[in-house]
1. Within the stretch 180-202, can one find any residue that is at pLDDT 95 or above, part of a strand (DSSP E or B), more than 25 Å from GLY280 (Cα to Cα) and touching a strand residue (DSSP E or B) at 6+ places or on another chain (Cβ under 9 Å)?
2. Is there a residue being among the basic types (Lys, Arg) and within 24 Å of LEU54 (Cα to Cα) anywhere in the stretch 298-315?
3. Considering each residue of the stretch 85-124, count those that are surrounded by fewer than 24 Cβ atoms within 10 Å (Cβ to Cβ), over 18 Å from GLY14 (Cβ atoms) and of a type in the set (Val, Ile, Thr), and give that number.
4. If you take the residues of the stretch 359-378 that are basic (Lys, Arg) and under 28 Å from THR184 (Cβ atoms), which of them is surrounded by the fewest Cβ atoms within 10 Å (Cβ to Cβ)?
5. Considering only residues that are surrounded by fewer than 21 Cβ atoms within 10 Å (Cβ to Cβ), closer than 30 Å to ALA97 by Cα and of a type in the set (Gly, Ala, Ser), which ones fall in the stretch 167-207?
6. Which condition number does ASN381 fail, the rest of (1) assigned to a loop (DSSP other than H, G, I, E, B); (2) free of Cβ contacts under 8 Å to residues at least 40 places away in the same chain; (3) surrounded by 22 or more Cβ atoms within 10 Å (Cβ to Cβ) being met?
7. Give me a count of the residues in the stretch 321-356 that are without any contact (Cβ under 8 Å) to a residue 12 or more places away in the chain and more than 28 Å from SER300 (Cβ to Cβ).
8. Condition (residue is out of contact with any helix residue (DSSP H, G or I) (no Cβ under 8 Å at 6 or more places or on another chain), farther than 18 Å from THR332 by Cα and touching a residue at least 12 places away in the same chain (Cβ under 8 Å)) applied to the stretch 201-211: is it met by at least one residue?
Amino acid sequence: MDTESVEKQGDETGFETMRLREGRAEIIVPKLDYYRVSPNEYVPSKAPVFYNPLMKENRDFTVMVANVIKKESGRSLCFGDSMAGVGVRSIRVLTEAGWDEAYVNDNSQRAFSIIVMNIKLNRLEDRMHASKMDANIFHVTHSLRGSRFDMLDIDPFGTPIRFLDTCFQAVKHGGVLSVTATDTANLFGVHKRAARMLYGVNVFKTGFMREIGVRVLLKALADAAARNERGIEPIVSITRRHYVKVFVRVLKGRKHAFKSVSQIRFLKVRRFEKIYVPLGVVEVEEGCEKDSLLLGPLYSGQTYSREWLEEMLLQKAEKTFVDRDVFRTLETLVSDDQKIVGGIDLTGLASSLHVNPPGRNLIIERLVKEGFAACRSGFDNNCIRTNASLDELTRIIRSL
């Protein structure tokens with residue numbers, strides 16, 4: 001990210017700004033020193049206008065998905081951003097992915113002023129349209145035929161839950177909805193009461209809590225989509241740093257809604273010493289034994305499409321402004337076959353067995369050699385997926 005000189009405080013914003021470059025976008029943002037707490041740590045909520053330079057990777061994923069859509073589409077494409085901050089995401093979609101038009105919204109007057117300045121700075125007056133209204137009103141405004149988006153991005157501070165009932169009406173059939181959630185303590189089951197209140201789920205902290213967070217968010221999207229007689233088809237799901245981000249295709253019609261909600265089920269787990277061992281997906285009426293517990297309800301289907309990931313990874317060979325670490329994240333996801341919900345926390349298991357943590361690749365290799373299915377988790381670094389029983393896995397670990 002290239003940084004240029006600090007601008008003088010002016011009447012348009014009322015606070016000091018600076019110019020920097022993110023991807024192909026040249027943008028004016030609040031002076032980073034306003035909310036920098038260490039060289040690589042920011043508190044964007046303290047800034048006059050929300051901008052987090054560390055979330056470039058989040059915007060990289062959006063640009064990559066937009067590139068795939070552009071490649072496959074032979075028509076004009078329109079992007080929407082309901083909580084745009086300084087507007088950088090939309091600028092990058094237009095300039096890097098070659099989309100035709102973007103509607104950019106923020107409820108803050110200061111943000112609106114910065115967005116207008118950035119539109120002019122990037123000479124996008126004819127293609128980028130700014131507005132200042134509540135995100136839900138923005139969604140409703142674009143809910144009529146002819147005004148819906150090919151892709152809509154929702155990136156609030158905290159939970160996106162209060163915006164989900166309106167956003168599905170603003171996305172075309174077959175279009176893509178991108179949702180970011182930063183309330184990871186709720187999604188991961190650290191704050192159990194908040195998870196129940198906001199997402200209607202009973203979850204608790206496990207060794208595979210990042211996967212749980214993805215499935216809780218997808219469950220919330222499937223529920224909201226069904227209330228609007230729409231279904232979802234997850235194409236990319238990511239959990240990085242302090243956020244969960246999912247991209248889903250929006251499919252209009254009751255049959256798609258029924259298909260999506262049929263994937264909302266419970267995960268049975270059993271506690272063993274310091275870890276929870278997944279026992280499979282069940283319906284709530286199946287209940288559980290005395291020594292097992294139910295997590296959920298969760299979205300139990302595939303959380304991303306291998307075809308989409310492979311298309312995104314092709315961009316690695318092209319001239320791109322995407323960080324290398326973003327490609328590594330996608331490569332990790334591709335290595336996950338998604339056939340098993342939940343994972344085994346190898347570090348926690350080793351601690352419970354009072355042995356040194358085994359090498360993940362070595363364990364996977366041994367499991368496969370003995371005829372079991374095994375792969376790394378695409379979400380939780382210490383976890384593997386396997387159909388081997390806990391006793392069989394323990395035997396292998398002790399033998400190494």
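1. Among the residues of the stretch 180-202, at least one is at pLDDT 95 or above, part of a strand (DSSP E or B), more than 25 Å from GLY280 (Cα to Cα) and touching a strand residue (DSSP E or B) at 6+ places or on another chain (Cβ under 9 Å), which makes the answer yes.
2. no
3. Within the stretch 85-124, residues that are surrounded by fewer than 24 Cβ atoms within 10 Å (Cβ to Cβ), over 18 Å from GLY14 (Cβ atoms) and of a type in the set (Val, Ile, Thr) number 2.
4. So, considering only residues that are basic (Lys, Arg) and under 28 Å from THR184 (Cβ atoms), the one surrounded by the fewest Cβ atoms within 10 Å (Cβ to Cβ) is ARG360.
5. GLY174 - this is the single residue of the stretch 167-207 that is surrounded by fewer than 21 Cβ atoms within 10 Å (Cβ to Cβ), closer than 30 Å to ALA97 by Cα and of a type in the set (Gly, Ala, Ser).
6. Of everything listed in (1) assigned to a loop (DSSP other than H, G, I, E, B); (2) free of Cβ contacts under 8 Å to residues at least 40 places away in the same chain; (3) surrounded by 22 or more Cβ atoms within 10 Å (Cβ to Cβ), ASN381 misses just condition (3).
7. Taking the stretch 321-356 as the starting set, the residues that turn out to be without any contact (Cβ under 8 Å) to a residue 12 or more places away in the chain are 324, 328, 354, 356.
Retained after the next criterion (residues that are more than 28 Å from SER300 (Cβ to Cβ)): 324, 354, 356.
Of the residues in that region, 3 qualify.
8. yes
The values are calculated or read from the model by the stated rules, or taken from the named source; none is laboratory data. These numbers were taken from a predicted model, which means no experiment stands behind them. Virtual Cβ from ideal backbone geometry, glycine too; neighbours counted across all protein chains shown.
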